[in-house]
Each structure stands twice: as structure tokens, then as C-alpha cells.
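Every read-out reported here was derived from the displayed coordinates using simple, explicitly stated rules and does not represent laboratory data. Keep in mind it's a predicted model, so treat the numbers as computed, not measured. With ideal geometry, Cβ positions are generated from the backbone for all residues, glycine too; neighbour counts draw on all protein chains shown.
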Amino acid sequence: MALTREQMAQRVARELQDGFYVNLGIGIPTLVANYIPDGIDVMLQSENGLLGMGRFPTEEEVDPDMINAGKQTVTARPGAAIFSSAESFAMIRGGHVDLTVLGAFEVDQEGNIASWMVPGKLIKGMGGAMDLVAGAENIICTMTHASKHGESKLLEKCNLPLTGAGCINRVLTDLAYLEIKDGAFILKERAPGVSVEEIVEKTAGKLIVPDHVPEMTFDE
Amino acid sequence: MAGFDKRVASYEEAMEGIESGMTVLAGGFGLCGIPENLIAEIKRRGVKDLTVVSNNCGVDGFGLGLLLEDRQISKIFASYVGENALFEQQMLNNEIEVVLTPQGTLAEKMRAGGAGIPAFYTATGYGTPIGEGKEERVFDGRHYILEEAIKGDFAIVKGWKADRYGNVMYRHTAQNFNPMVATAGKITVVEVEEIVEPGELEPSQIHTPGIYVDRIIQSTFEKRIEKRTVRS
């Protein structure tokens with residue numbers, strides 16, 4: 001079975017380490033905040049200028065001056081810091097954020113990512129995505145492995161205009177967890193009940209399959 | 001009182017000198033921390049052919065979205081647009097030129113503009129359509145593109161508190177682009193919720209020192225929320 005969005009978030013959350021500063025993109029990455037393992041502390045960075053994003057507010061706590069990068073009302077946790085956009089992107093571009101999680105339309109075996117525009121469709125902009133992928137050492141891309149029509153999104157070379165070049169080293173899809181190294185995808189784990197054959201079939205880029213590919217496990 | 005007193009009495013006075021064809025830098029992220037009354041004054045004046053530099057372009061009927069109604073903006077530098085139907089329509093009709101700019105690059109362009117730095121190298125956008133046609137250089141084995149600074153004829157800013165000398169503090173995430181915008185205008189206008197006496201603001205807590213600020217006005221704000229999200 002392909003992973004659900006919640007399972008994808010759970011799997012990404014296992015990559016969090018105690019003391020990490022983390023930027024979570026919109027969509028599945030946002031859900032990762034719900035699965036931070038017990039006993040570890042992470043600080044969430046929101047690129048509009050908040051380090052230490054807290055929970056959504058109660059009705060009484062709603063404050064129009066307190067939003068996240070998705071423009072949702074939010075709170076600051078104890079120990080949070082608030083700063084300007086330039087300061088925020090200094091953190092991001094300066095490589096101070098320990099982990100960035102973001103979605104993508106396509107990634108390729110060279111670590112290129114396309115996530116911000118589809119030619120011919122309405123283009124709304126890249127927001128902070130280009131800064132995030134250029135600045136972070138440690139990025140996890142979350143995406144579906146193939147389109148609804150079965151076309152692979154893990155490619156030899158991205159077709160869509162890039163968000164960043166040679167910057168992605170880990171990908172979690174609904175079928176598999178992979179690393180990108182030396183011009184190839186390396187299959188590290190597969191979703192429960194998903195065969196290596198299915199992953200091979202749905203990966204258009206160069207794929208290295210180790211002898212043993214463990215199956216992910218999830219509680220409940 | 002003149003000297004360092006930056007206060008003006010009306011919005012008409014606050015935006016005195018704005019003309020068609022000018023470049024206006026605006027603070028704010030989404031609808032958070034936008035200079036909503038200064039934008040409304042630009043609408044009232046009807047100046048056209050403006051180049052606007054702002055992370056976003058408001059929503060239908062509010063914020064910078066107001067300036068779309070009478071087609072006052074001919075060009076915009078932004079990182080994310082299309083939160084409003086009118087904008088999409090004008091973009092598709094080529095009535096408005098959109099220069100999509102990565103958010104960090106946009107912030108840095110204005111920071112550099114205000115700091116006398118004409119351009120800077122950044123890895124952001126290298127190898128993407130944003131880097132096309134821009135000078136490239138390699139430092140320490142990494143590729144960078146040259147991005148030029150942005151300055152404006154007017155900078156419009158939303159602060160929280162200011163003193164009459166133009167020292168400004170921002171509130172929570174309403175800070176966002178405002179401090180950079182404030183540095184990069186030939187004329188910088190700040191609207192705030194409260195003007196206090198000099199000495200009341202703790203000097204080390206001031207975000208925008210008064211040297212950057214030309215005009216200050218106190219007002220009230222609607223502070224519309226774009227995505228009200230609460231926990232149950």
C-alpha cells in the first residue's frame with residue numbers, strides 16, 4: 001500500500017534530531033509537526049520571520065500580527081524569536097537551518113528539483129522555495145512517486161523549470177524512501193506491501209537497488 | 001516643531017510628492033504588517049504606472065489589491081502573487097508585468113539598496129530560470145548569480161510604535177519586510193498604531209532607527225486576516 005499523507009509525515013519525522021532547527025514547507029511537510037518524536041525538541045522556522053513556531057491559536061489567542069509563512073494565524077512557543085525577512089533568509093541562505101522539508105513536482109538523479117512552475121499554467125511564484133533549497137545542506141523532498149497517470153516524477157532529468165540545481169539528497173515518496181548520490185537514486189526503504197519491482201517500474205531515473213530493502217513500519 | 005520631528009498630520013501630507021511612474025516599496029507579508037492606509041491614499045490619489053516592490057500583492061479589495069482596481073500598477077516585483085482574481089486577470093492580459101523574485105533575494109535586494117550595496121552574489125536561483133542572463137561566479141566551488149539592489153522613490157511601512165523622531169518598533173510577525181523597505185526609499189513613510197514621546201522606546205529595542213524615516217503618521221488599522229486558523 002502506498003503511504004498516506006500522515007504516514008509520509010511520520011516517516012519524515014523520524015529524521016528529526018534533538019536540537020534541530022527545521023523549516024517545513026506547505027502540504028505534507030506541515031504535517032510533520034504533528035509527529036515530532038517524544039523526548040526530542042525541535043524549533044520550527046517560518047520564513048516570514050519566526051523561529052519557534054507554536055500551535056495554532058485558540059479563538060481568543062488569534063492575532064493578525066502573528067502568522068506563519070502559509071499566512072495562517074499561529075502562535076509562538078516559549079523561547080521563540082521574531083525577526084525581519086532579511087534576517088530570516090540570512091538563517092536560511094547561511095546554512096543555519098538543520099533540516100528543510102518541502103514538496104516537489106519532480107526531482108532527478110542529479111539532485112535537481114522542480115517545484116514552482118508548470119509552463120502554460122498560472123504561475124504564482126516561488127515564495128521562499130528557491131532560497132530554501134539553495135541554502136540548506138539537508139533537504140527532504142516529499143512527493144508522490146508517480147503522477148495519477150503513472151508517469152514517474154523521479155527522473156533522469158527534470159522536465160519542468162528548476163527550483164534549484166544539485167541540491168536534493170533525500171526523497172520520501174508514497175512508495176519509497178530514497179537517497180540521491182553520485183547521479184543515481186538509491187532505494188533505502190519501501191512502503192509496507194510495496195514491492196521493489198513496483199518502485200523500479202515507477203522510477204524513470206537511474207535507480208540503485210541494494211540486496212536488502214527494508215519495509216517501513218508504522219505504529220497502530 | 002521641526003528638527004527631528006517626522007510627524008505629519010494627514011495622509012495627504014504623508015504621501016505628498018508621489019507621482020505616476022514612480023517605484024513604491026511596500027512592507028508586509030500577505031496581509032500581515034501592510035501599510036493599509038498609505039496604500040488607500042495611493043488609491044485615492046489615482047497615480048498610475050507604478051512599479052511596486054512587495055512580497056505579495058494583497059487580495060481583492062484590500063491591501064495592494066486596491067491599486068489593481070484602477071490599474072495603477074504596471075510592474076511588480078514579488079515572490080508570490082495570485083491570491084486575487086483581479087491580479088491573475090491582469091497578469092494573463094499582460095496588463096501588469098510581474099518579476100517573480102525569490103523571497104530571500106527580494107528581502108536582500110532592498111536591504112542592499114538601503115545599505116549602499118549595488119549588487120550581491122547569491123546561490124539562490126542558480127541553474128533556474130531566475131539565473132538566466134545574470135552574471136555567474138564560483139566562490140569556493142559553489143555557483144552564485146549576481147542580483148542587483150532595489151531602491152524606491154517611496155517606501156511605505158507599517159510599524160507598531162514610533163516616537164516622533166521616527167524610531168520604529170514592529171509587532172510580532174508584522175515586522176517581515178518592513179525594516180528593509182524602510183531603508184530603501186528616497187522618501188520613507190511609516191504609519192503606526194501609536195506615536196510615543198522620545199525616550200519611551202528602549203533604544204536597544206528599536207528595529208528601524210529614525211535616520212531612515214522621513215514621515216510618521218498615527219492611525220488605526222483593520223488588520224484583515226487572510227487565513228484564520230484555530231485549534232479546537
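With bins 5 Å wide beginning at 0, the percent of Cα pairs of segment B:99-194 falling in each bin runs 3, 13, 20, 19, 16, 12, 8, 6, 3, 1.
Computed on the Cα atoms alone, the convex hull of chain B gives a volume of 160 cubic angstrom per residue. In this Cβ point-charge picture (+1 for Lys and Arg, -1 for Asp and Glu), chain B has a dipole of about 360 debye about its Cα centre.
Considering helices alone, the calculated mean residue ellipticity of chain B at 222 nm is -5000 deg cm²/dmol, with DSSP H runs of length four and up weighted by -39500 (n - 2.57) and normalised per residue.
Mean partner shielding of peptide B:93-103, defined as the number of other chain Cβ atoms within 10 Å of each residue Cβ, is 4. Taking the inverse of the mean reciprocal distance over all distinct Cα pairs, the Kirkwood hydrodynamic radius of chain A comes to 18.0 Å.
log10 I(q)/I(0), Debye, Cα-only segment B:22-68, no solvent, q = 0.14, 0.25, 0.27, 0.29 Å⁻¹? So the normalised log intensities are -0.26, -0.90, -1.06, -1.23. Sorting B:49-55, A:71-77, B:30-36, B:151-157 by their mean Cβ neighbour count within 10 Å, with the most densely packed peptide first, gives B:30-36, B:151-157, B:49-55, A:71-77. Within segment A:14-129, the ratio Rg/Rh, alpha carbon atoms throughout and Rh by Kirkwood, equals 0.98. Computed over chain B with a Gaussian network model linking Cα atoms closer than 10 Å, the most mobile of B:G82, B:G127, B:G58 is B:G127. Per residue of A:90-102, other chain Cβ atoms within 10 Å of the residue Cβ number 1 on average.
Each Lys and Arg Cβ is given +1 and each Asp and Glu Cβ -1; about its Cα centre, chain A then shows a dipole of about 640 debye. Antiparallel beta bridges, as assigned by DSSP with both residues in segment A:87-179, represent about 40 percent of the total such bridges.
Taking the Cα centre of segment B:56-148 as origin and assigning +1 to Lys and Arg Cβ atoms and -1 to Asp and Glu Cβ atoms, the resulting dipole is close to 320 debye. Sorted on the mean count of surrounding Cβ atoms within 10 Å across their residues, most packed first, peptides B:62-72, B:87-97, B:195-205, A:151-161 read B:62-72, A:151-161, B:87-97, B:195-205.
For segment A:31-87, a Kirkwood radius taken over Cα pairs fed into Stokes-Einstein (20 °C, viscosity 1.002 mPa s) yields D = 179 µm²/s. The mean of 1/r over all pairs of different alpha-carbon atoms in the protein assembly as shown, once inverted, gives a Kirkwood hydrodynamic radius of 23.0 Å.
Across peptide B:185-197, the average count of Cβ atoms from other chains found within 10 Å of a residue's Cβ is 0.
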